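Everything on this sheet refers to the single structure shown next.
The values are calculated or read from the model by the stated rules, or taken from the named source; none is laboratory data. Keep in mind that what you see is a predicted model, and the values were worked out from it rather than measured. So basically every Cβ, Gly included, is an ideal-geometry build from the backbone, and we count neighbours across all protein chains shown. Ligands, DNA and RNA are excluded from the accessible area calculation, which covers all protein heavy atoms including side chains. Shrake-Rupley method; radii C 1.70, N 1.55, O 1.52, S 1.80 Å.
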Amino acid sequence: MKLTIDVRKLNAQKKYAGDVTFEFVGDNSLIEIPYVTFSSPVTARLHYEILEDDSVEITGSVTFSLKGLCSRCLQEAEQTFSGEVDAYFVPRDGESEDYRYFGGVIDLDDCLGDAVMLALPGRLVCGENCIALEWSEQ
Ligand SMILES: [Zn+2]
């Protein structure tokens, strides 16, 4: 699936604001924890708003699960994580912190990749009852 928002089409349909949901496969090479991979697709639930100058505000969340060995006790573990999406797209070269789009279509790959990266944990834990918690503060 292409992670795009077609601003020209939405403008033509006068759908200046709305909600969209995307699902895509997470990039395992982003995960820095040993023996841990994505165990679900990443779900992005987004709200977009097209402003008068065709800038687009996109807010929402990304959610995904990771599976692998608990970083503390090495038992199988699976945890769900989510992160925020709060992005501003301008249809031209803009301020460096803005995302840009050209040709009337927003490509969300970078934006959602960044959101996933920010939401990735430094470690995976099997749960509150992890046996390693009894002898470790960390
Ligand atoms: Zn554990």
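Miscellaneous remarks
- Simple label model, 7 Å out from Cα along Cβ direction - Phe102 to Lys67, nm: 4.1
- Segment 62-131-segment 1-19 distance, computed between alpha-carbon centres (Å): 23
- Computed FRET value (nearest 0.05) for Asp93 with Arg45, which takes r as the C-beta separation and R₀ as 25 Å: 0.30
- Under a Gaussian network description of the chain, with springs only between Cα atoms under 10 Å, the residue in Gly68, Gly104, Gly26 that fluctuates furthest is Gly104.
- Fraction of accessible area attributable to carbon and sulfur, segment 4-134 (%, probe 1.4 Å): 46
- Under the simplified labelling scheme, the Glu78-Thr59 pair shows an inter-label distance of 3.3 nm, with each label point 7 Å from Cα along Cα→Cβ.
- Relative contact order (percent, whole number), segment 1-115, Cα cutoff 8 Å, 6+ residue spacing: 25
- Within segment 4-134, the percentage of alpha carbon pairs spaced more than 23 angstrom apart rounds to 42%.
- Summarising the label geometry, the points placed 7 Å from Cα in the beta-carbon direction at Asp19 and Asn129 lie 3.5 nm from one another.
- For segment 1-64, the alpha carbon positions stretch 47, 18, 15 Å along the principal axes, listed from largest to smallest.
- Probe 1.4 Å, protein heavy atoms only - accessible area per residue of segment 1-89 in square angstrom: 60
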